[in-house]
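Colleague: There's a structure below that I have some questions on.
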Amino acid sequence: MLRYVTTNAGKVREAREYLDGVEQLNYDYTEVQASDLAPIAARGAREAYRYAGEPVLVDDAGLFVEGFEGFPGPYSSYVEETLGIDAVQRLVATEIDAPRRASFQCVLAYCDGDDFAASPDPVDRADRSAAAAAGAAAVDEDGNGDAAADAAADADALPVKLFRGSVRGRIVEPRGEGGFGYDPIFEHDGTTFAEMTADEKNAVSHRGRAFAKFAEWFEDRAP
Ligand code: ITT
């Protein structure tokens, strides 16, 4: 049984369209500090798999405001909890000229303890070993300046498969009652995500795009 690892009920509602009978695992994995969502999701998936002992799918998402060099990005959850989305909107309106572009990004990380074929977007043991050996290709995952150490540490880690989705839009005054999180202040093609139904949001959203890729891959993988 695949477990969708999240504490966020809004994500679960959106994921159901893609995963028949998906079970939520309400598990708060450790979020490492990184400027990109991928290492956060990958490490979360390894931790959640070790905890659950069953296949897991972790979903890490964030709002990246262009005029703020991507902030709040990986810190979106903390910023929503501390500042709130109205304050984020006011800050953007004060500091950044229209059109106040932003994107939502989502990384899904799948882990079931097995190796994978190398597509799409693989991050697995073979890649990590190659990166560690190559040195220069290594990614500084936690931003502490020691990319080779990160790659070497991950070389023995469980393989994780990543699926990314993103959507561009702009930050506007809050509109709409649907969705969750930053949806009321994120407008895509003239409509905020909070003004869309779950189906409409899934058709264009970061999560919908990542899930479409995952669902296609997972269909072939299921026994
Ligand atoms: P889990 O980590 O337990 O899944 P979370 O809500 O903390 O729950 P994220 O770290 O991925 O999940 O989310 C970062 C922030 O972005 C958080 O404040 C969410 O409410 C928000 N967020 C994520 N996806 C969103 C979406 O589709 N629409 C609006 N806000 C979203």
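Colleague: Do you know which residues across the range 195-214 are of a type in the set (Phe, Trp, Tyr) and touching a helix residue (DSSP H, G or I) at 6+ places or on another chain (Cβ under 7 Å)?
Modeller: Phe211, the sole residue that qualifies.
Colleague: Additional query: Name every residue in the range 68-88 that is among the hydroxyl-bearing types (Ser, Thr, Tyr) and touching a Pro at 6+ places or on another chain (Cβ under 8 Å), in order of residue number.
Modeller: Of everything in the range 68-88, just one residue is among the hydroxyl-bearing types (Ser, Thr, Tyr) and touching a Pro at 6+ places or on another chain (Cβ under 8 Å), namely Tyr78.
Colleague: Can you find a residue that is in contact (Cβ under 8 Å) with a residue 60 or more places away in the chain and either assigned to a loop (DSSP other than H, G, I, E, B) or within 21 Å of Arg3 (Cα to Cα) (or both) anywhere in the range 58-77?
Modeller: yes
Colleague: With respect to Gly67, determine if the residue is modelled with pLDDT of 95 or more, of a type outside the set (A, V, I, L, M, F, W, C), more than 8 Å from the ligand (Cβ to nearest atom) and closer than 26 Å to Gly190 by Cα.
Modeller: Yes.
Colleague: Could you check the range 31-51 and list, in sequence order, the residues that are open to solvent by 60 Å² or more (accessible area, probe 1.4 Å) and assigned to a loop (DSSP other than H, G, I, E, B)?
Modeller: Glu31, Gln33, Ser35, listed by residue number.
Colleague: Here's a follow-up. Only one of Glu187, Glu216, Glu200, Glu173 is acidic (Asp, Glu), open to solvent by 60 Å² or more (accessible area, probe 1.4 Å) and either farther than 24 Å from Gly21 by Cβ or over 20 Å from the mean Cα position of the chain (by Cα) (or both); which?
Modeller: Glu173
Colleague: Can I ask one more? From Cys106, Cys111, grab the single residue that is in contact with a helix residue (DSSP H, G or I) (Cβ under 6 Å, 6 or more places away or on another chain), open to solvent by less than 30 Å² (accessible area, probe 1.4 Å) and at pLDDT below 95.
Modeller: Cys111
Colleague: Considering only the range 1-12, how many residues are surrounded by 15 or more Cβ atoms within 10 Å (Cβ to Cβ) and not in a strand (DSSP E or B)?
Modeller: 6
Colleague: Next question, about the same structure. Based on this model, can you work out whether Glu14 counts as out of contact with any strand residue (DSSP E or B) (no Cβ under 8 Å at 6 or more places or on another chain) and modelled with pLDDT of 95 or more?
Modeller: no
Colleague: Additional query: Search the range 4-16 for residues that are under 17 Å from Val107 (Cβ atoms) and pair each with any residue that is more than 9 Å from the ligand (Cβ to nearest atom) and in a helix (DSSP H, G or I) when their beta-carbon atoms are under 6 Å apart and the residues are at least 6 apart or on different chains.
Modeller: Tyr4/Ala15; Val5/Ala48; Glu14/Ala198; Glu14/Asn202
Colleague: Also, I was wondering about something else. Mind listing just one residue for me: the one in the range 78-88 that is part of a helix (DSSP H, G or I) and free of Cβ contacts under 8 Å to residues at least 24 places away in the same chain and, of those, surrounded by the fewest Cβ atoms within 10 Å (Cβ to Cβ)?
Modeller: Selected residue: Glu81.
Colleague: A further question on this structure: Inside the range 13-30, can you point out the residues that are surrounded by fewer than 19 Cβ atoms within 10 Å (Cβ to Cβ), near the ligand (Cβ under 9 Å from one of its atoms) and within 16 Å of the chain's Cα centre (by Cα)?
Modeller: Tyr27, Asp28
Colleague: Same structure, new question: What pairs come out if I take residues in the range 169-190 that are free of Cβ contacts under 8 Å to residues at least 40 places away in the same chain and outside any loop (DSSP other than H, G, I, E, B) and pair them with residues that are among the aliphatic types (A, V, I, L, M) and open to solvent by 30 Å² or more (accessible area, probe 1.4 Å) whose C-beta lies under 7 Å away, six or more apart or interchain?
Modeller: From residues that are free of Cβ contacts under 8 Å to residues at least 40 places away in the same chain and outside any loop (DSSP other than H, G, I, E, B), the pairs are His188/Val204.
The values are calculated or read from the model by the stated rules, or taken from the named source; none is laboratory data. These numbers come from a predicted model, not from an experiment. Backbone-built Cβ (ideal geometry, glycine too); neighbour counts: all protein chains shown. These area figures cover heavy atoms from the full protein model, side chains too; ligands, DNA and RNA do not enter into them. Shrake-Rupley method; radii C 1.70, N 1.55, O 1.52, S 1.80 Å.
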